[in-house]
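The values are calculated or read from the model by the stated rules, or taken from the named source; none is laboratory data. All values reported here derive from a predicted model rather than from experimental measurement. Note: ideal-geometry Cβ built from the backbone for every residue, glycine included; neighbour counts use all protein chains shown.
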Amino acid sequence: MPGTKCLSEKLPDWTHRIRRDHPRLFFNSDTWPGVRQRALGTERQWYLSIKRQVDRLAEAATSKDKLAAKEYGQEAAWSKKCLDASLRFYDKCYEDKKSVNWYSTSRVHATLAWDWIYEDLSEAQRRDFMSRLVRAIDRVLKARPAIYRENMSGYSTGFYGVKNCLWFIGCTAFGTGIEEEKVNEWLVWGRNENMKLLEHRRKACGDDGGGASATLGYVLGAYPWSEQNFFYTWLSVTGENIAPDWPHSAWLANYVIWNWIEANGGPLEFGYGDRPHTKNAIPTSQLYTHMANIRHLYGEQRPKEAALAAHVQALLPQKNYSSSWFIYPFLLAGADDSPDSFAPELLPMARHFENMGQIIMRSGTGKDDTYCMFSCGGILAQHRHYDALNFVIYHKGFLALDSGTRYKEFENGEHLANYYAQTVAHNCVVIHQPGEPPAKYWGGTVVGNHGGQHKQIGSVVKSFETNEDYVYVAGDATASYHHGVVKEADRPDLPEKCDLVTRQIVFLPPDHFVIFDRVVSTDAGYKKDWLLHTANEPQIRNKTIRADHREGRMFCTTLLPKDAVLKAVGGPGKEFWAAGKNWDIVKDGLSDESLALIGQWRVEITPGKASKKDVFLHVIQVGGKDLREASQIKLIESGDKHGVRIKVAEATWQVMFNSEGQLGGRIKRSGEAGRIDRALVTEVQKQVGIAAREYPAMTYEQAKAGIPKRKLPDFWVGSMKKLEEQLGMVKIGQVRIIARTPGGRPVHLVSYGSREQVAHKANFNSAVGGRLESAYMDKEARRKPVILFVGPVHGHEVEALTGLTNLIAIMETGKDLRGTAQESLRELGRKCRLLMIPAGNPDGIDRLEPRSLHGMGSRDLRFWGQGTWTDDTFCGWPQSKRQHPMVGDNVGFLGCYFNDDGVNPMHDEFFMPMSPEAPAILKVAAEEGPDLAVSLHSHENKPALLRPAYVPLEKQEDIRHLAVSYYSMLEERGLPHAAPFKATAEGGKYPAPFNLTSTMYHVSGTSSFTFECPHGLDSERACRVGFDAILDIQLSLYEAMMQHELAKKATSD
């Protein structure tokens, strides 16, 4: 609350940057031409709609000296008469001790009116209007008792009440000499309060998105106004755009897309927090404007977020600006130049909004998909219920829902406070302790506690993982159930009612949830209920609940406690039963469907025998109304572990949970979908960015610490230094430098066999155009086939560097670097002309500090391979290919994919090269005209020859035949291999890239392909092979390639 006098000589330095002319709020004399141009051009229809309102008002006011006192809202900004009428209305409200409005919007528009018509006012009018406005605000601020429904919210909430006016008044009246002391005080306070607001919201949004509340009616409604208005006015009064310094605001679009439930009839939401639940429609009235502001304010500095905002605009059923702040559309010049709509793909199945306290899971984003929100953690209590560990599930209907309502909140206030906000209204566990205190909430007086929580903040997400197969989350809400010491006269203090309340959920997409709860009360006599709320009356058969809503159906089966008693509570007179009373509502105007969404029933699952410690195990399955029965489920128990085996489609899942000690367990899958057998994680997976990549972060120090302490085999070559040592011993072959990298390192070509001179009249592309490929090079006239081996263009893929260096040793000595005789391979090589570029990316190779990724994990691969962003999160695949060259302030560790200029040679701009490596490789190919060429790579999986893209099908078939022969060779030698690819033409939603392999064909006519060798990683999905096996895989490929070309040459001869 402002209260410190701020004399002009003590004003902060930033006040000197405030311009002194008018207008200065939202636009000024410099930006006015652009505003006018938009009004008469791009936003002409919006301008005309506003003008029609102005014209009607002007016509009505023509015959009157003054208008009746009235809150004119935005119309206060349109004329002197409107401004005067509004100011008289503010005085009348104060005299009657009534609120002007919950929002400051109309009073801010009165301030805008004074600023915008400043030059049309006499000096006396300026002083009169501004003094009256300052008095109107000041009296409300000082009123004691406070005026009912005058919103005094500050920076930690919406900041759209009367205090919000202080910044605008301070801004526009500063320097005018009018009410100087008060204006200066408000100016400084307003700026400081707005800076606190930005910092608070930055913390709340984190790196995921959100706002000052996780309740969508606020965060997607009026809450963004305050920060957007501050950005606009700071820019207009100082010329400084500070929005890019606060990127959290741009993340709102990300929060929207995750809360969006696609459904017939329009998009829905989960109904989290203080939402009325009468429709559960996602609030969209302000969204089009909010997204437009994001595009304008962040289009240049945060293009991906701006593009996502454009995507949200495209999704909205109504693509209209909100009239709340009619000036916005005329300011949005930056939106016209912002990036095109970006529809995010490859999103994970779950997103953890850490500071919002929500984990959202879904099987997809369509009308037939499953959506779930789990509430846990978070830092905001604003409009949050006592709902830690609650879940809401939607599938063609709200099947497990949040119950209660704030509909007609002033008439239904007791329902709001005593039921709707309490734990009993949510899908949680309640622990009934006699005499426990009520948990207070706004709207009414809470008179009891139905075994619920006492703190909105305090629960903790202990574990979280989302991957391609399942989602797992574990939360601990013990602290939320603690009420603190309760003093009772003539009786012992009331103890806490529990020592532990946790919940673990495994989502098995698309339609199964396994839920495990551990609850330890401090007294066995404290009854525990596991609650499940439904829209319509549930059917209970044995231990299975069936409930329908709209076109959806849910089965919920209780496996533990074994002696559980299931009881349906609801129906007329019991819909909102809590603490011994039904907290009924005024239902006027509510349809049957609205009443269903508010929730009419719940099922209470209660242990049959009283105990301090209980565990609950449930399986929920959702589907359409054609789902006749639940999947086959079997309870599995082993010591202190409890779990379930479920048949889901073609897979059988087994999920086990620890009932003692650390929250954890194990998950297994068998069947056609592939095998899984792993422990449930015990840490929280980090997610950053729109794609929320599942790969966590890693610092350089962590990556260095993860390098195994080991001695690599003598035959292993993982550095440029060792390669150059080996090249120094070459006597038979020829070694020459064909390029220098951006880092100054040499790119070598090693050749064996003399080059045969044949006719060469045209480049390959021209020869193809002339329908005579031999005009490029008469390859059939050569006695020996020519084979080109391109070593790692991704520097961390040193398996090929090792392989080619060993092949050089074989050609020199007849032995590989292990000392193993390889005479047969040497003889094959002598029958060919071999061209070897051992290192296609020397810069990247020298950046690989482990010198081999063998025995390391997938995280290490992603760090050393694609690198990290500045926040230490992995760039990942394919995101690492969406910024090229990989340079800029957002790049952290430059992965070995790239040379020192950030160029990935595999994806150079071949027609306008960005770096020297790829052009040098292609020059060798063009000059030599190889019959067969390979780009050697490495990955996690089995050895594989990849289908070459953008080459004739005949070339694809040639490589496919090679793959068949090579895989047969590996099979005979006991080495792993993939399956042959199928030759196909290019096309589809994600066509193959035109890469270095493709280009080698187009400059030389070679049969070119990419080979992927296993790294030998230690990860669940990896192809686990040893160092010797990796070398054997490489040498076998070279042997198969030589045999393939020699056989073709023998056939043609």
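Determine whether the range 414-427 contains at least one residue that is surrounded by fewer than 21 Cβ atoms within 10 Å (Cβ to Cβ), in a loop (DSSP other than H, G, I, E, B) and touching a residue at least 12 places away in the same chain (Cβ under 8 Å).
no
When the range 1006-1050 is limited to residues that are among the hydroxyl-bearing types (S, T, Y) and touching a Gly at 6+ places or on another chain (Cβ under 8 Å), the one that is surrounded by the fewest Cβ atoms within 10 Å (Cβ to Cβ) turns out to be S1019. If the condition is being surrounded by fewer than 13 Cβ atoms within 10 Å (Cβ to Cβ) and farther than 19 Å from G929 by Cα, then the range 741-759 contributes only G744. Of all the criteria given as (1) among the basic types (K, R); (2) outside any loop (DSSP other than H, G, I, E, B); (3) at pLDDT below 95, the one not satisfied by K70 is (2).
Contact map, the range 682-697: residues that are closer than 19 Å to G664 by Cβ and outside any loop (DSSP other than H, G, I, E, B) paired with residues that are among the aromatic types (F, W, Y) and at pLDDT 70 or above, Cβ distance under 9 Å, separation 6+ or inter-chain. Pairs shown: V684/F464.
Annotation: I738 fulfils all but one of (1) in contact with a strand residue (DSSP E or B) (Cβ under 7 Å, 6 or more places away or on another chain); (2) hydrophobic (A, V, I, L, M, F, W, C); (3) surrounded by 24 or more Cβ atoms within 10 Å (Cβ to Cβ); (4) not in a loop (DSSP other than H, G, I, E, B); the unmet one is (3).
To keep it simple, each residue is scored yes or no on (1) among the small types (G, A, S); (2) touching a Cys at 6+ places or on another chain (Cβ under 8 Å); (3) buried (at least 24 other Cβ atoms within 10 Å of the Cβ); (4) in a helix (DSSP H, G or I).
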residue: G211; (1), (2), (3), (4): yes, yes, yes, no
residue: A214; (1), (2), (3), (4): yes, no, yes, no
residue: Y218; (1), (2), (3), (4): no, no, no, yes
residue: N229; (1), (2), (3), (4): no, no, yes, yes
residue: L235; (1), (2), (3), (4): no, no, no, yes
residue: P244; (1), (2), (3), (4): no, no, no, yes
residue: V256; (1), (2), (3), (4): no, no, yes, yes
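Of the candidates E59, E71, the single residue that is of a type in the set (D, E) and more than 50 Å from the chain's Cα centre (by Cα) is E59.
Scan the range 102-139 for residues that are surrounded by fewer than 17 Cβ atoms within 10 Å (Cβ to Cβ) and not in a helix (DSSP H, G or I) and the total you get is 2. Counting the residues of the range 42-67 that are among the hydroxyl-bearing types (S, T, Y) and in a helix (DSSP H, G or I) gives 2. When L962, L996 are checked against the criterion of being farther than 24 Å from W864 by Cα and buried (at least 19 other Cβ atoms within 10 Å of the Cβ), L962 stands alone in meeting it.
For the range 547-559: of the residues being in a strand (DSSP E or B) and touching an Asp or Glu at 6+ places or on another chain (Cβ under 9 Å), which is surrounded by the fewest Cβ atoms within 10 Å (Cβ to Cβ)? Per the stated criteria, the residue is R553.
Any residue in the range 502-514 that is in contact (Cβ under 8 Å) with a residue 40 or more places away in the chain and either on the phi > 0 side of the Ramachandran plot or surrounded by fewer than 17 Cβ atoms within 10 Å (Cβ to Cβ) (or both)? No, that holds for no residue.
Checking each residue in the range 571-620 for being modelled with pLDDT of 95 or more and among the charged types (D, E, K, R) picks out K574, E575, K581, D584, D592, E593, R602, E604, K609, K612, K613, D614. Filtering the range 324-347 for residues that are of a type in the set (A, V, I, L, M), farther than 23 Å from S249 by Cβ and at pLDDT below 95 leaves a non-empty set. Quick check: anything in the range 897-908 surrounded by fewer than 18 Cβ atoms within 10 Å (Cβ to Cβ), within 41 Å of the chain's Cα centre (by Cα) and not in a helix (DSSP H, G or I)? For the range 897-908, residues surrounded by fewer than 18 Cβ atoms within 10 Å (Cβ to Cβ), within 41 Å of the chain's Cα centre (by Cα) and not in a helix (DSSP H, G or I): present.
Within the range 842-895, the residues that satisfy the criterion of being closer than 21 Å to G744 by Cβ, touching a residue at least 40 places away in the same chain (Cβ under 8 Å) and not in a loop (DSSP other than H, G, I, E, B) are P842, D843, G844, I845, D846, R847, F893, L894.
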